[in-house]
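Reading through the structure tokens given below for one structure.
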Amino acid sequence: MSDFSEELIRSKTEDDKEESCVFSGTGMSFPWLQKHIGTVETGGKKEKDFAQTTSACLGFIQEALLKHQWQQAADYMHSYFQILEDSDSHKRQAAPEIIWKLGSEILFYHPKSSVETFNTFADRMKNIGVMNYLKISLQHALYLLHHGMLEDANRNLSFHCTYIPHLLYPFIYEDDYAYNTASQNMFDHSWKTSVNLRALIQTPGVWDPFVKSYVEMLEFYGDQDGAREVLTNYAYDEKFPSNPNAHIYLYNFLKREKAPREKLISVLKILYQIVPSHKLMLEFHRLLRKSEKEDHHKLGLEVLFGVLDFAGCTKNITAWKYLAKYLRQTLMGNHLAWVQEEWKTRKNWWPSFHFSSFWAKSDWKEDKALACEKALVAGILLGKGCRYFRFISKQDDQVLRKKIKQIKKSVKKHSVVNPGL
Amino acid sequence: MDLEEAKEFRERCTQCAAVSWGLTDEGKYYCTSCHNVTERSKEVINTGAIPNTKIQAINRGLKRKRKLEKGWDWYVCEGFQQILYQQAEALKTLGVGPELKNEVLHNFWKRYLQKSKQAYCKNPIYTSGRKATVLEDNPSHSDWDSEPDLLSDFSCPSFVESGTDSQPDGHTPKPFPISKVSQSETASICSGSLDGVEYSLRKEKEIVKMTMPRTLAFCYLSLLWQRETITLSDLLRFVEEGHIPYINAFQHFPEEMKLYGRDKGIFAIESWPTYEDIYKKVIEIAKFLDLPRFPDITEDSYLHPNILCMKYLMEVNLPDEMNDLTCQVVKMTGIGEVDFLTFDPIAKMAKTVKYDVQAVAVIVVVLKLLFLLDDNLEWTLSNIAEKYNEKNKEDKPWFDFRKWYQVMKKSIDEKKQKWEEARAKYLWKSEKPLYHSSIDRAVVYKRREMVVSLQKQFSALVDSAPTVEKKSPSSFQFNWTEGDSARTCFHGHGLQGILKKKGQSLTTKNSLYWLSTQKFCRSYCKHVTTYEESNFSLSYQFIINLFSFLLRIKTSSLHEEVSLIEKILFKRKYGKTKKKSRSRKGRKY
């Protein structure tokens, strides 16, 4: 009867796995080949039953978790712990994290589990391997917060913070957002926690989200000095890894504080050395321009050229505007030498990088204002015979006609490449 | 010598009055300051396993304490001997006669040691580090007393329980010389056994190296020799269910046989044995040991297909009447002949019959004969049976394939599910952890402690109520009883619905048949045929899956066996060059 054939079909798809054969279009099957293909991944060795049963166990655990069958999950978990003793060292090393994730979830929901069981479990897992220590500690603290056990969370964190080795900061980088929210929660609740955070931040490492939140809190409570101290430490302490964000935070803070220009310049100078392409560099240039010192002016030119060395900034109209203007200013100030010095290292590659005829056409099509600024710079540096300048100067545009005329005039006046000389 | 070992000896030295003792090689205490040797010897603590006082004396004399862990000196093959002993004991508990352990297995093992030149021969193999003292087969040699015979060595109990003398019968005792062992104890690659490292590196072509799976091959050979009622699939199932020591069998070594380092790779196995693999090893070992023809398998042996078919028919709940048909098929194919069934390793094309697989294959052929299994006829015949049964409720019911299918499907699915769950929960690691060397010992122990404590914590969360008791071992995985309304028993059902009279005899209503394999492979690959599921009917797939699960073999193996039976049965068909997917054949008997 057809209905039973159907039943057979249905049931067949359920218990499908049996033996998977290697298919080929002609309907030939090579089960022995499948076996060999399977061993390629393991380097020729057949998978041991240990590996097969533990992965089946994992499957059962996950299924039980999905179905909220905590009892079952705990039962399988009991057997799953043996992967901590896996002879395969890769699997053995990956084991604690998996076990933590699954175990903590089971203990979170299981009716028979209590905060104490969770604590015991967390403590045990922390002892397996240093790398997991902080991650588990923080997640443990979160769990405690969830249960409204603020004191315990606090105690937990302060206790563990003293043990954190600086190896752990890569992990903080990853879970930035999570820890940020976590830290936010903590700050909203208690001031005491800040003491712990302070201790934490003093340990060398990358603590960006913590620092940000902490400083916000300090500013909120009016402790400007404290905030400044924290940020300065964070940026300048040699023991800490080189971190551009540290300097950015400090700079922004000082800006808010309306610190003197000198101070701001000194902070940004370091950032310039670390990340010369940063968008703050334009701000840095402005500060340098406004300064009275001559070497600041020179640096200002350097910074501008530095910014435009990077592919990410080639279409930055502000940068080009500044450069165009500043070149004129510099040349009018009789500092041809500066310009020549900057141009020396760049004259071999800037022309094709910025001023090729392709760019001329493309820039003009995309952003005429940008093209004009670039044309001016090109004209000054390469002379009025260069392709870019010639292309732009030939363009006839209602709006920019006047500007182009001005550019031609400037180039004539200021061009570094002077046929006459 | 270690001062630690002599700590308990607290007397003052008679010559120099110091209390600082060590142990000589002979086990006597000596003063470390003036080197005065006393007559006091260190007592051996645990003599439980030693039956023989002579051996006790030997122990005190020769056995040296190891640096890493105190214990006896032992060789890898002694370890295997231990394991075989345990397995034989387990088989005895299962009902096998004691001769298997005392005589058959014992002799096979001795023969193996001889053939592999590890004992009972003139020039035993040794590693370079040792001085081998080769002894002539002169039993009155002066050293004989101090060199224990391998098999009677106290570190592994003798197979012969009742025997008072530890010499095996019928063999001239050729002692197993033990020379002074100078194992470099600072080596990072080490092992608890004396030759563990060397053993795992040994690679001689002609010699079959003993491994854990091969212990089962030895067991099976002994069972086969004794014609016991345990098939290979039964044996392996008992291993999986834990009735026969295999995984972590080394845990039951005597306390003093310390296991670590390279021993781990030899004894700690993390896979269950597979039928196909052990089968190959059985033949390999039988050939290696030069065994003679085995005792005959006759019609009244359990392993004869007539009897095994009956057993399996009962197990899968098929009617007893089918047994007639299976006997017929057996007769027609000649697979019930003594010469066909009996194992003869020395024969030109040595093979042993896969008794269980063959019996099951016969049943599959019979089912095909009766029902065709083309996803059509079997259901049609079921309809007829159903109609008849409804009208004639008092008579013996006709066998209804559909009903049988429903009952069996449910049962097998349940069993399979439980089996998978049990496997997923299986705990592989031994209670006493195995470490590689003194370096990782502490780590390994700590890990174990961690695992145990975590397990304890989680087992508290699990419902403590119904703990699954360990199943008592049984040949039968399914049991069917008459009168059980929940699970119909089909044993007593009749085949009238699918047979019809033809003159004096009965023949099947179905007159068609299709072959499982149209052409057999003759090339280099070791398979004669392959099994591509989608080429076959769903009914056939169900049947193959059912029986393969029962025997815990691969579906392709069973399919192959079915094909081979058909090859004999339909000889003429295969003789013809043109292929026919269906053949018309009337069965007559």
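Descending by average beta-carbon neighbour count within 10 Å, the peptides B:475-482, B:380-387 line up as B:380-387, B:475-482, the highest first.
Only Cα pairs under 8 Å and 6+ residues apart enter the sum, and on that basis the relative contact order of the range B:349-454 stands at 13 percent.
Can you put B:GLU103, B:GLU394 in order of Cβ neighbours within 10 angstrom, beginning with the fewest?
On the way: B:GLU103 17, B:GLU394 5.
Exposure proxy ranking, most exposed first: B:GLU394, B:GLU103.
Please give the peptides B:560-566, A:324-330 ranked by average Cβ packing (other Cβ atoms within 10 Å per residue), highest first, as a rough proxy for protection. Before the final figure, lay out the partial values.
Numbers: B:560-566: 23.1, A:324-330: 19.6.
Most protected by this proxy first, the peptides run B:560-566, A:324-330.
For B:TYR30, nonlocal amide neighbours, meaning residues 5 or more places apart or on other chains whose placed amide H falls under 5 Å from its own, are B:GLY22, B:LEU23, B:THR24, B:THR38. Each residue, B:THR211 and A:THR120, gets one label point 7 Å from its Cα in the Cβ direction; the gap between the two is 4.3 nm.
Let me confirm one metric for peptide B:266-275, namely the mean number of other chain beta-carbon atoms within 10 Å of its residues' beta-carbons. Please list the in-between numbers first.
Values: counts 0, 0, 1, 3, 8, 8, 5, 1, 1, 0.
Mean partner shielding for this stretch: 3.
Listed here are the pairs B:LYS209/B:LYS456; B:LYS287/B:LYS311; A:LYS258/A:LYS413; A:LYS112/B:LYS409; A:LYS290/A:LYS344; which of them are more than 28 Å apart at the Cα? From the list (B:LYS209/B:LYS456; B:LYS287/B:LYS311; A:LYS258/A:LYS413; A:LYS112/B:LYS409; A:LYS290/A:LYS344), the Cα-Cα distance tops 28 Å for B:LYS209/B:LYS456; B:LYS287/B:LYS311; A:LYS258/A:LYS413; A:LYS112/B:LYS409.
Between the range B:244-259 and the range B:388-463, how many Å separate their Cα centres? The two parts, judged by their Cα centres, are 24 Å apart.
Across peptide A:49-56, what mean number of C-beta atoms from other chains lies inside 10 Å of a residue's C-beta? If you can, show how the numbers build up before the last one.
On the way: counts 11, 8, 2, 5, 11, 3, 1, 6.
Partner Cβ neighbours, averaged per residue: 6.
Peptide B:448-457 has a mean shielding of 5, counted as Cβ atoms of other protein chains within 10 Å of each residue's Cβ.
As a rough guide to protection, the peptides B:291-298, B:512-519 ranked by mean Cβ packing within 10 Å, highest first, stand as B:512-519, B:291-298.
Using only alpha-carbon positions, what ratio does the radius of gyration of the range B:235-335 give when scaled by 2.2 N^0.38 Å? Present the calculation step by step, with values, prior to reporting the outcome.
Working: Rg = 19.7 Å, N = 101, 2.2 N^0.38 = 12.7 Å.
That ratio works out to 1.55.
Each reported figure results from applying straightforward, stated rules to the coordinates on display, with no laboratory input. Everything numeric in this text was worked out from a predicted model, so none of it was measured. Neighbour counts are summed over all protein chains in view; Cβ atoms, including those assigned to glycine, are modelled from backbone coordinates with ideal geometry.
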